[in-house]
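Bear in mind these aren't lab numbers, they're just calculated from the coordinates by the rules spelled out. Please read these numbers as outputs of a predicted model, since none were measured by experiment. With ideal geometry, Cβ positions are generated from the backbone for all residues, glycine too; neighbour counts draw on all protein chains shown.
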């Protein structure tokens, strides 16, 4: 590793506590796609200064749109790489530094940034940071109390899979999720597009909080080594315990439950509207029979006990389907909950935006973009929690590509103008991606035909109060 230049004159991170929980904490976020970028977005909401680091030739793939979100009004603009919805959701509140870590000069700048930062987050395969001399043993020589967060498929601690690249869209098989997810007698199924990514998001937030507390108590740093494989397996704990204690392998049960019956997802009035409900006692079953106007079913021996209802679940499902199909899902939710039966409608993206509970908690926040970006005001998911004494919000929109290069490299690190301009000319730093292209563009009508969109509201901005 080359010798580091003298200490930069920029502001050090150990500032007095601010009004937000993480004010004064600086984080280098050299991560891509979903898991840790979303961690960084939440930490920015909490007041941390989060600096997203990308390479000139390696922009985050969430900038392309397509699978990773949509462009405003489904049209890629002149600076399309700054516009996709997923990029702007995950990276809200951050600053942007675009520097080529494949170039030794870029790595040297990264080391200088480490010196004045508290936390580094990365999600490269284990060989990458080690090959660059940016692994934990080397980084803690620069900043002994540094907290490093690594997120990989199978962890850095050795083992036959440790060096494998991985992504959440394919990892669920190795977690065991696919074995227990799916319809009875059907093939294994995935729980979602990238389910375990977000398990890593929350794992990282918790671990960072614990590491910061440890540093506050001891003055020492910490290496948080997250294996997404393990994050997934943790959420199958009851199946693992059943296998260990009882020698019983979990099975695919669809929307049903091992002992609650009936339980399922049933179609209601309207196009593709559904409700879920779960009966957990004889009293709840009797209340459901009364709501359906089928009180006689509560007395039938084949439905009288939980075990009997499990054995005759298919018959009960047909009875419930006939009833729910005649009612509105929200009306049914209130009626079922009113007699003590857990129930809720199945919401799609549009429903979430207009659901009164989400709106009352300000879960969907309005974020206003600078006029020159041409994005206006947009809605983004906030946080699944609130702090009673510390109002939280999305601090500012996600940054444009390389938006803070000059401020960070010259004002913080003290590079002179000639050096900075040379780095720009030689593409060590950049404000326009040198690779990548937007995903194929389709009109809303065509996107619906292809199954990429389920529906489209041409006047959605007016309906959401964004016009």
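Structural remarks
- Note on segment 128-200: Kirkwood radius taken over Cα pairs, Stokes-Einstein applied at 25 °C and 0.890 mPa s, translational D equal to 167 µm² s⁻¹.
- Where the Cα pairs of segment 333-467 fall when distances are cut into 10 Å bins, in %: 9, 22, 28, 22, 14, 4, 2, 0
- Shape descriptor for segment 263-347: Rg over Rh equals 0.94 (Cα atoms; Rh from the Kirkwood inverse mean 1/r).
- 10 Å binning of all Cα-Cα separations within segment 341-418, expressed as whole percents from 0 upward: 14, 30, 27, 18, 8, 3, 1
- Taking the helices alone, the chain has a mean residue ellipticity at 222 nm of -9500 deg cm²/dmol, built from -39,500 (n - 2.57) per DSSP H run of at least 4 residues and averaged over all its residues.
- Where the Cα pairs of segment 94-157 fall when distances are cut into 5 Å bins, in %: 4, 16, 29, 29, 17, 5, 0
- Footprinting exposure proxy ranking of 175, 216, 273, 312, fewest other C-beta atoms within 10 angstrom first, gives 216, 312, 273, 175.
- Within the chain, antiparallel bridges make up roughly 40 percent of the DSSP beta bridges whose residues both belong there.
- One Cα centroid belongs to segment 298-315, the other to segment 75-99; the line between them spans 54 Å.
- Considering only Cα atoms, the convex hull volume of segment 197-284 works out to 211 Å³ per residue.
- What separates the Cα centres of segment 263-295 and segment 331-395 is a distance of 26 Å.
- Put in line by how crowded their Cβ is, counting other Cβ atoms within 10 Å and starting with the fewest, 63, 378, 446, 58 read 446, 58, 378, 63.
- Counting every other Cβ atom within 10 Å of each residue's Cβ, 197, 242 order from fewest to most as 242, 197.
- When you work out D = kT/(6 pi eta Rh) for segment 396-467 at 20 °C and 1.002 mPa s, using the Kirkwood radius from C-alpha pairs as Rh and the Stokes-Einstein form, the result is 131 µm²/s.
- Spherically averaged projected area in nm², based on the convex hull that wraps the Cα atoms of the chain: 26.4 nm²
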